[in-house]
Amino acid sequence: MIIKKTILYTYCIVMLISFLSCDSLYKEKELMICFERDKNIWIANEDGSNEKQLTFLGMDYNPSFSIDGDTIVFMRSIDGSYEIIVIGSDGHGEKRLTYCAANESYYRPTWMPDGSGIVYYRRIAPSPSYIALMDKNGTVKKEYLLSGVSGECLSLTVLNDSKMIYFIWG
């Protein structure tokens, strides 16, 4: 019984030290949020202070921070289709990653939890639809055909282990 309590106490102390270390690392880089306002991409501190507008065309949606916080991926309306764009969190280095074919659009881009790539929904009207993965430079790595679905992907999330993609269809 004493050994079990000693192991438990040791575990608790290790977890507390780990938590305190993470907390100090967390403070080294302030947490930022990215969001859409008036169809443009903005960033701000976690408390909403220091807002900064990054895009100005009025056609941008669904921003998502990379794991290191240095890059934001989002979708932009261009010539009636939606494309995937990345931009530095400082507002520099904007790069278009996709170029739609006729009746094609890319939606809901989000970063993989490990930062290795971007998951997105691709639709060729009136069908088919795909959930796909590209690397950080826009090279398509995998596409999964969604058969028997109609409507649109409303939300796309990758779980932290990167082994499951969760999406809501409507």
Original post:
For segment 108-170 and segment 69-101, what is the separation of their Cα centres, given in Å?
Top reply: 16 Å
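Shape call for segment 76-161 from the C-alpha gyration tensor, a ≥ b ≥ c root eigenvalues: rounded (a/c under 1.5), prolate (a/b greater than b/c) or oblate?
Taking the square roots of the gyration eigenvalues as a ≥ b ≥ c, segment 76-161 is oblate.
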Subject >> Where the Cα pairs of segment 32-72 fall when distances are cut into 5 Å bins, in % >> reply: 6, 26, 31, 26, 9, 1
Subject >> Cut-off under 5 Å, modelled amide H: who pairs with L97 long-range >> reply: I84, I85, V86
Original post:
In square angstrom, rounded to the nearest 10, how much accessible surface does F167 have for a 1.4 Å probe?
Top reply: 80 Å²
Original post:
What does the charge count near R96 come to, summing +1 for each Lys or Arg and -1 for each Asp or Glu among other residues with Cβ under 9 Å from its Cβ?
Top reply: 0
Original post:
Quick one: Karplus J couplings for segment 115-130, per residue in order, coefficients 6.51, -1.76, 1.60, θ = phi - 60°, nearest Hz, x for Gly and Pro?
Top reply: x, 6, x, 10, 9, 7, 10, 10, 10, 10, 5, x, 6, x, 10, 9
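The values are calculated or read from the model by the stated rules, or taken from the named source; none is laboratory data. This is a predicted model, so every value here is computed, not measured. All Cβ positions, even for glycine, are placed from backbone atoms using ideal geometry, and neighbour counts span all protein chains on display. Surface areas here come from the heavy atoms of the whole protein model, side chains and all, with no ligands, DNA or RNA. Shrake-Rupley method; radii C 1.70, N 1.55, O 1.52, S 1.80 Å.
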